[in-house]
Structures are given as C-alpha cells and as structure tokens.
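I have placed the structure first, in the form of structure tokens, so that the comments after it can refer back to it.
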Amino acid sequence: AQSVTQPDIHITVSEGASLELRCNYSYGATPYLFWYVQSPGQGLQLLLKYFSGDTLVQGIKGFEAEFKRSQSSFNLRKPSVHWSDAAEYFCAVGGDTGGFKTIFGAGTRLFVKA
Amino acid sequence: GAVVSQHPSWVICKSGTSVKIECRSLDFQATTMFWYRQFPKKSLMLMATSNEGSKATYEQGVEKDKFLINHASLTLSTLTVTSAHPEDSSFYICSAPRSGSSYNEQFFGPGTRLTVL
C-alpha cells in the first residue's frame, strides 16, 4: 500500500540555521515524490518534485530534496532558514499505479525562532 | 502555471442543509480531479477521484451518499455535502492533473472552508 511517513510532527529552528525535514515512503512501483508547503489558512504550494534522473532536486525558495531509493526517503533541506519559512510542510507520493492519486504525509510544522 | 479555482472560498451553513463546492480548472482540461479533506492541523485525506463522464471513485470509509461528486465537464467538478452536520466542518481542497504535463503535475485549488453550525 502507498504511504508516506513524516516522523516529526513539529520542528523548531533558529533563523539562519539549516533545516532538514524527513520523509519516508512506501510505494510498490517507481514513486513520484513531492514536497508542498502550506501557510496557515492557505492552499498548497509545490516546492519541488522528483520524477526521475538526478536524485538531488532543487526547488523554489532555496529548498532542495534528495531521493534515496535504498532508504525509501525523500528528505527536504534548506541551508539557511528565514522567518517566512514557518509553515506546514507535506511530503507526498504518487505514481502510475493507483490512478494517479497523490498520498500525503501527516505534515511537519516548522517554527522559526529569532 | 496552471490554475485551479474553488468556489466558494468559505461557507457557513446550518445543520441539515446541503452545500455545493465547485472546482474549476481555468486554463486546462481535466478529465480527472481529486477531492481532499483536511482537518485542523492535520494532513490532507483523499476523499474521492472525480471522473469526467462517469461515476466518482470513493476512498474507503468515505460515504458516497454524503459527499456527492459530479464531474460535469472537462473543467468543472462539484462536491456536494448533503445534510451537513457539524462534524462535516473542514477544509476541502480539490486538485487536477494537467494532461501533457509531467506525471501527476497536480494543481491544487485554494481550498474551501466549510463551517456547519
């Protein structure tokens, strides 16, 4: 069955510090992986996606993620966090099976302290 | 980029009434759309897949008679919450994949916040 696990419910980092949000997935075929960000009361914004090729993908707002098939992981990173990055982050998986459905992880709430 | 709109953005209704939420793909056609429900401080739960010209496919545990889905055209899907009750209060989000784009390039609507009194 398809599933996504984000083990950290919330994370607090200092502004300017580096960030890594963890994501593990379970998928029976080649996964397509996504990271979305959601600010309070807002819709979802796609940060980056992985379909194939280079396992290190660059996204918007200075985010990047690395696909590691052996670990079934797709962790999100940012070298220097800004206060405006405080939001909810969702990892998601989809694929050719399951009718193109996207399954979301539980989300990680990022708090940024001054 | 592709745009998906939802209407209304928020709605308050009395218990027992029905509420219709529209999801439109504004600049592309979508034979499939997805409806999600998000509880406060929770993740998105896929409710159903809306298929143009055929019946929607519901996820396990979702009441199809409660959440009626109609995909009337290639740019419009509607979700009707029938006989709404306070426990139906939630944030409903739709998404649509754009044909010809990278697989599952899902474009999400801004969401509709439903409050049932």
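The values are calculated or read from the model by the stated rules, or taken from the named source; none is laboratory data. Computed from a predicted model, the values in this text were never measured in an experiment. Positions of Cβ are generated from backbone atoms using ideal geometry, with glycine treated the same way; all protein chains shown enter the neighbour counts. Ligands, DNA and RNA are excluded from the accessible area calculation, which covers all protein heavy atoms including side chains. Shrake-Rupley method; radii C 1.70, N 1.55, O 1.52, S 1.80 Å.
Modelled spin-label separation between residue B:76 and residue B:5, with each label point placed 7 Å from Cα along the Cα-to-Cβ direction: 1.2 nm. Of the residues in segment B:30-60, those shielded by at least 50 Å² of accessible area once partner protein chains are present, compared with the chain alone at a 1.4 Å probe, are B:43, B:44. Backbone phi angles across segment B:43-52, fed through the Karplus curve with coefficients 6.51, -1.76 and 1.60 (θ = phi - 60°), yield HN-Hα couplings of 7, 7, 10, 5, 9, 6, 10, 9, 10, 4 Hz in residue order; Gly and Pro are listed as x.
Suppose accessible area is computed on protein heavy atoms with a 1.4 Å probe; arrange A:69, A:77 from highest to lowest. Intermediate results must be reported in sequence, preceding the final value.
Values: A:69 140, A:77 65 Å².
Putting A:69, A:77 in descending order of accessible area: A:69, A:77.
With a Cα cut-off of under 18 Å and a minimum spacing of 8 residues unless on different chains, the lysine pairs in chain B number 6.
Label-to-label distance, residue B:59 versus residue B:26, with points set 7 angstrom from Cα along the beta-carbon direction: 2.6 nm.
Could you run the numbers on buried accessible area between A and B, total for both chains, 1.4 angstrom probe, in Å² to the nearest 100? So the total buried area for this chain pair works out to about 1600 Å². Straight-line reach from residue A:68: taking Cα to Cα under 24 Å and skipping same-chain neighbours fewer than 8 places apart, the lysines in range are A:49, A:78, A:101. With a Förster radius of 41 Å applied to the C-beta separation of residue A:42 and residue A:70, the computed FRET efficiency comes to 0.70.
By the gyration tensor of its Cα atoms, with a ≥ b ≥ c the square roots of the eigenvalues, what is the shape of chain B: rounded for a/c under 1.5, prolate for a/b over b/c, or oblate? Prolate is the answer for chain B, as a/c is 1.5 or above and a/b outweighs b/c. By the Cβ-Cβ criterion of under 4.7 Å, the unpaired cysteines of chain B are B:13.
For a test of the definition: using alpha carbon positions, the gyration tensor, and the 1.5 limit on a/c, classify chain A as rounded, prolate or oblate.
Verdict is prolate for chain A.
Estimated at 0.36 nm per residue, the fully extended path between residue A:17 and residue A:5 surpasses their Cα-Cα distance by 1.9 nm. For chain A, the share of accessible area belonging to carbon and sulfur comes to 50 percent (1.4 Å probe, ligands and nucleic acids excluded).
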